[in-house]
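**Q** Have a look at this one before I ask anything.
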Amino acid sequence: MKIACFTRNSVPGIGNVEADGSIVPFDLSPESAARGIASLLEIGSPSSLPQLAPIAACEIELRAPMPRPQRNIFCVGKNYHEHAKEFSASGFDSSAASGVVPKEPIIFSKLPETVIGTGQPIRIDASVSKAIDYEAELAVIIGKQIRGATRENALDFVWGYTIVNDVTARDLQGKYSQWLIGKSQDTFCPMGPIAVTADAFDPQSARIRCLVNGELRQDASISDLIFDIPRIISTISAGITLQPGDIIATGTPAGVGIGFTPPRYLVPGDNVRIEVDGIGVLENPVVAYGNGA
Ligand code: MG
């Protein structure tokens with residue numbers, strides 16, 4: 001199933017996206033729908049929910065599938081070979097001691113309040129950072145609680161998938177050895193446009209692309225991940241109990257702004273478009289904000 005979280009006339013809803021693009025809403029209270037996929041995880045199978053009359057896509061405004069995750073978003077750093085090389089060569093890699101290609105997954109996190117939906121602006125405050133970069137990533141949505149997943153059973157705990165843009169202030173990422181500040185600036189986690197259940201998406205056969213102002217910057221097969229999704233889940237869950245609704249961003253391929261000489265950072269007026277086959281298009285404008293506007 002493809003699941004859209006949306007507002008219609010400012011009222012939150014969740015629905016199934018049909019082949020023709022129309023949306024068949026589930027019969028949920030606005031309070032429940034406002035929590036996005038998290039509410040479906042508590043209910044169980046979304047296909048068991050009563051549904052309302054279909055509505056046209058033009059009548060709704062999409063929201064992030066998980067508008068406010070209950071916990072930080074788990075992220076994987078340097079998880080495509082060519083990106084690991086470009087990042088290590090940038091001089092901003094405060095994880096350089098782990099080697100160009102890490103021997104174990106690099107796991108960090110972003111604050112839940114960074115999440116925005118497709119169409120919402122990524123805010124750049126030039127008084128805080130002048131080196132803001134995009135990172136197109138496939139994200140995993142955990143569906144069941146698990147501690148100690150194995151590589152063999154890890155995918156049993158995946159509810160589905162979405163796209164995130166792991167927006168990063170490179171100067172802050174390099175300044176502080178922990179990445180949280182550089183990764184967690186307000187609006188730094190565009191997510192969407194929708195979520196796709198695990199039975200309807202195969203990460204091994206999908207490609208991920210990122211275009212800035214229509215120019216293709218990133219284009220890779222998700223099967224090129226250094227640490228695949230089962231390995232990531234088994235690594236995190238070895239001692240951290242994963243919870244339903246946890247989000248794991250799996251890493252970004254080569255072609256980020258820092259990989260160019262000179263670097264090509266985002267500036268106000270830019271448009272960042274991320275596409276994953278089978279999920280859709282996550283697109284966000286970039287705007288000036290705050291003291292740096
Ligand atoms: Mg990333």
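**Q** Apply the Karplus parameterisation 6.51 cos²θ - 1.76 cosθ + 1.60, with θ equal to phi minus 60°, to every residue of the range 146-161 and state each ³J(HN,Hα) to the nearest whole Hz, in sequence, with x for glycine and proline.
**A** 8, 10, x, 4, 9, 4, 6, 9, 4, 5, 5, 9, 8, 7, x, 9
**Q** What distance in nm separates the simple spin-label points at LYS103 and ASP202, each placed 7 Å from Cα in the Cβ direction?
**A** 3.5 nm
**Q** Moving on. Along the range 177-185, what does the Karplus equation 6.51 cos²θ - 1.76 cosθ + 1.60 (θ = phi - 60°) give for ³J(HN,Hα), rounded to whole Hz, x for Gly and Pro?
**A** 3J(HN,Hα) across the range 177-185, in whole Hz: 5, 8, 8, 3, 5, x, 9, 10, 4.
**Q** Say each of TYR176 and ASP277 gets a label point 7 Å from the Cα, pointing the same way as Cα to Cβ; how far apart are those two points in nm?
**A** Modelled inter-label distance: 3.8 nm.
**Q** With r defined as the distance between the Cβ atoms of SER10 and CYS58 and R0 fixed at 22 Å, what FRET efficiency is calculated, to the nearest 0.05?
**A** With R0 = 22 Å, the Cβ-Cβ based efficiency is 0.90.
**Q** Need one number for the range 73-292: average projected area of the convex hull over its C-alpha atoms, nm².
**A** Details: hull surface 43.0 nm².
The orientation-averaged projected area of the Cα hull of the range 73-292 comes to 10.7 nm².
**Q** Follow-up question, since we're still on this one. Got a sec? Charge dipole of the chain, +1 on Cβ for Lys and Arg, -1 for Asp and Glu; which of ILE124, TYR161, ILE208 is way out at the positive end?
**A** ILE124
**Q** Compute a Gaussian network model of the chain, connecting alpha carbons closer than 10 Å, and tell me which residue from PRO112, PRO230, PRO253 fluctuates the most.
**A** Among PRO112, PRO230, PRO253, the largest GNM mean-square fluctuation belongs to PRO230.
**Q** When Lys and Arg each count +1 and Asp and Glu each count -1, what net charge do the other residues less than 15 Å away from THR168, Cβ to Cβ, add up to?
**A** Result for the neighbourhood of THR168: -1.
**Q** Using +1 on the beta carbon of Lys and Arg, -1 on that of Asp and Glu, and nothing else charged, what's the dipole of the chain about the Cα centre, debye to 20?
**A** 680 debye
Any read-out appearing in this document is the output of simple, stated calculations on the displayed coordinates, not a laboratory observation. Because the structure is predicted, anything quoted here is derived from the model rather than measured. Every residue, glycine among them, receives a Cβ derived from its backbone with ideal geometry; neighbour counts consider all protein chains shown.
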